[in-house]
Amino acid sequence: MNRAYSAFAAMIVFVSVFFAVGCPKRVTIAEIEANPSNFHNNEVAVAGTVRDSWGVSVPGTEIRGGAYKIDDGTGSFWVITREAVPTKGAKIGVKGKIGSGIVWNGRNYGLGMYETDRRIAKR
């Protein structure tokens, strides 16, 4: 019985460490803006509210994408996505790579994020 318990506990620790290593660091936008070079081209997670959004989505085609501005209470920046943009006022968590000089459709958005994953809070 002791051996089975030890094996189970070791497996739980291994799985927990495996998933923790794969998760990006959650930071505030103020931390990113204070020292953007520390985060440049690194994947991070940010949570906040969508304040503005611009996008294109043609149903039934692969044509979609855009940019939206996320505000976490400490600051805000633009997020570039290849998916449909979230609506204004949506509470979201977004994961992506930080970049400077973010450009979409010929417009420069400055410091921002290239989205790799997104979660929207249920109302």
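Which ³J(HN,Hα) values in Hz, rounded to whole numbers, follow from the phi angles of region 56-66 under the Karplus curve 6.51 cos²θ - 1.76 cosθ + 1.60, where θ = phi - 60° and Gly and Pro get x?
10, 8, 10, x, x, 10, 7, 7, 6, x, x
Taking a point 7 angstrom from the Cα of Val56 along the C-beta vector, which residues in region 77-117 have backbone N less than 17 Å away?
Answer for this model: 80-86, 103-109.
How much length, in nm to one decimal, is gained on full extension between Ile63 and Lys91, taken as 0.36 nm per residue of separation minus their Cα-Cα distance?
Fully extending the segment from Ile63 to Lys91 adds 7.6 nm.
Please compute the length gained on full extension between Lys25 and Glu83, using 0.36 nm multiplied by the number of residues separating them and subtracting their Cα-Cα distance.
Separation in residues times 0.36 nm, less the Cα-Cα distance, equals 18.6 nm.
Kirkwood hydrodynamic radius (Cα pairs, Å) of region 26-120?
13.1 Å
Report the full-extension gain for the segment Ala121 to Asn108: residue separation times 0.36 nm, less the Cα-Cα distance, to one decimal in nm.
Taking Ala121 through Asn108 to full extension adds about 1.8 nm, to one decimal.
Among 25-31, 40-46, what's the highest-first ranking by average C-beta atoms within 10 angstrom per residue?
40-46, 25-31
Values in this text are rule-based calculations from the coordinates and carry no lab data. The structure displayed is predicted, hence computed values, not measured ones. Here Cβ is always computed from backbone atoms with ideal geometry, including for glycine, and neighbour counts include all displayed protein chains.
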